[in-house]
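Please read the structure below before turning to the comments.
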Amino acid sequence: RSMSSLTIPPPAALLRPLEVPNRYLFGPGPSNVPPRVLAAGGRPIIGHLHPEMYEIMNDIKKGIQYIFQTENNMTISMSGSGHAAMECAVFNTVEPGESVLVAVNGIWGERVAEIAERMGANVHRMVKTPGQLFSNTEIEQAMAKHKPVLFFLTHGESSAGLCHPMDGIGDICQKHNCLFLVDTVASMGAAPIFMDSQKIDILYTGSQKALNSPPGTAPISFNERACDKMFNRKTKPVSYLLDMTHLSNYWGCDGQTVRVTLQCGALRHNGESWRQHKELAAYLYKGLEDLGLTLFIRDKDLRLPSVTTIAIPKGYNWRELLVYMMKNHNMEMTGGLGPSIGMVMRIGLMGYNCKKSNADMALHALADALKNCKKSKV
Ligand code: PMP
């Protein structure tokens, strides 16, 4: 066929210049990123086998080991969003028919439960209303009953605004010969986490929240216990793309060659970042309370510093408030997600956005929305 037999013309959209607006991303992520990170995305492409690429990958690996506080060799950054890491963790460590225990107190536990069910695991859910805690005793009782190979818990439950305590759970998992999997997509960089000393066997996060990076990469780490389980399985993982036998080889974690990569991670100091998020969150809580709003998580020590949830103010339509702020302040905040829809509104101030001037701007926009959106009598 000749070139003139093209029947589909080039789309007009591709002939126009790309327009992307500047917005205040004050929702639960993605978040705005610093100019130096945006500029890094404009560097030249190099080959995945070039020596400079090996160096960049090694630097990324060291950066992840630092933010995770782990010495695990099996530490990589995957291409894909946080969901890719969720699937990678479950697909590699669980075989069909095995028992998995999932703590569900918001959307993320429910998602992991579904992922595990889809690959044929025998899933047991511990369910609470969004934002509630699981005690170590409850966790241990469920573990003794269901004998899972994997237990999942969300550290930063972004749909509810809860930061779940982690201490002691790793010991319970070891006692019951179960792997401890923790999601820190919304909390990494904003709230303290210590993979090794908290005995977390598999930990993952995402790039686009408090880590100051664009969406699209997901750091993940497996300890020796997790590697033992995933590299001694009888069946192959259901996904080729997410198979850690291949990914660990790309990243040189299998003792063979170092290859391929992605760019991620612009967090330079963990302790400093945790402190900043905590202080700014306290400032935001005070401002919200001064506006007459109610924080959804009552105990301030359990609030997730990166994503704050407020109860929907009585008489207001939350969608109207959000649309008003987007239209008049060019600012994104969001409603709930999954089980917290209709219960909360969410304000995220994380990473580069974690600044007092941004909190003031968010409070101003909210005050303006509360003043100008109509309030029903019911
Ligand atoms: N887990 C948590 C706690 C999250 O907040 C998110 C993103 N909102 C995810 C997982 C999923 O990450 P992603 O959107 O990057 O797929």
ask   = Reported to two decimal places, what Rg/Rh ratio describes region 40-250 when computed on Cα atoms with Rh from the Kirkwood expression?
value = 0.96
key: Whether region 93-156 is rounded, prolate or oblate, judged on the alpha carbon gyration tensor where a/c under 1.5 counts as rounded   = oblate
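List, in the order given, every pair from 209/356; 286/356; 128/175 whose Cα-Cα distance in the structure shown is over 21 Å. The partial results should precede the final answer.
Numbers: 209/356 18 Å; 286/356 12 Å; 128/175 24 Å.
Pairs exceeding 21 Å: 128/175.
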task = Starting from the Kirkwood radius over alpha-carbon pairs of the chain, derive D by Stokes-Einstein at 20 °C in a medium of 1.002 mPa s and give it in µm² s⁻¹.
result = 98
key: Entries of 199/229; 61/278; 199/236 with Cα pairs more than 20 Å apart   = 61/278; 199/236
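Please report the antiparallel percentage of the DSSP beta bridges confined to region 53-204, to the nearest 5. Kindly include the intermediate steps, with their values, before the conclusion.
Working: 2 of 19 bridges.
If I count the DSSP bridges inside region 53-204, around 10 percent turn out antiparallel.
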In region 208-247, chymotrypsin sites (Phe, Trp or Tyr not before Pro) in a DSSP loop with at most 13 other beta-carbon atoms within 10 Å = 240
inquiry  = Quick check: residue separation of residue 46 and residue 18 times 0.36 nm, minus the Cα distance between them. What number comes out in nm?
reply    = 7.6 nm
query = Top mean-square fluctuation among 192, 305, 313, Gaussian network model of the chain, C-alpha springs under 10 Å?
reply = 313
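List the trypsin sites (Lys or Arg not before Pro) within region 49-139 that DSSP assigns to loop and that have no more than 10 neighbouring Cβ atoms inside 10 Å. The partial results should precede the final answer.
Details: sites: 61, 62, 111, 118, 125, 128; in loops: 128.
Sites meeting the loop and neighbour criteria: none at all.
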remark   = Taking a crude spin-label model, label points 7 Å out from Cα along the C-beta direction, the residue 320 to residue 71 distance in nm is 5.9
query = Where is the GNM fluctuation largest for the chain (alpha-carbon springs, 10 angstrom cutoff): 339, 35, 215?
reply = 35
task = Report the equivalent ellipsoid semi-axes for region 141-181 in whole Å, largest first, defined as the square roots of five times the eigenvalues of the gyration tensor built from alpha carbon atoms.
result = 21, 11, 8
ask   = Within straight cross-link reach of residue 371, meaning Cα distance under 19 Å, which aspartates and glutamates are found once same-chain residues fewer than 8 apart are removed?
value = 289, 290, 320, 332, 360
ask   = Of 144, 191, 281, which is the most mobile in a GNM of the chain whose springs link Cα atoms less than 10 angstrom apart?
value = 144
remark   = Output ordering of 80-88, 181-189, 353-361 (per-residue mean of other Cβ within 10 Å, highest first) is 181-189, 80-88, 353-361
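Taking only C-alpha pairs under 8 Å that are 6+ residues apart, what is the relative contact order of the chain in percent? Before the final figure, lay out each step's value.
Working: 725 pairs, mean separation 85.2, N = 378.
RCO, the chain: 23 percent.
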task = State the antiparallel share, in %, of DSSP beta bridges confined to the chain, rounding to the nearest 5.
result = 50
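Any read-out appearing in this document is the output of simple, stated calculations on the displayed coordinates, not a laboratory observation. Small disclaimer: the values here were computed from a predicted structure and weren't measured. Cβ: placed from backbone, ideal geometry, glycine included. Neighbour counts: every protein chain shown.
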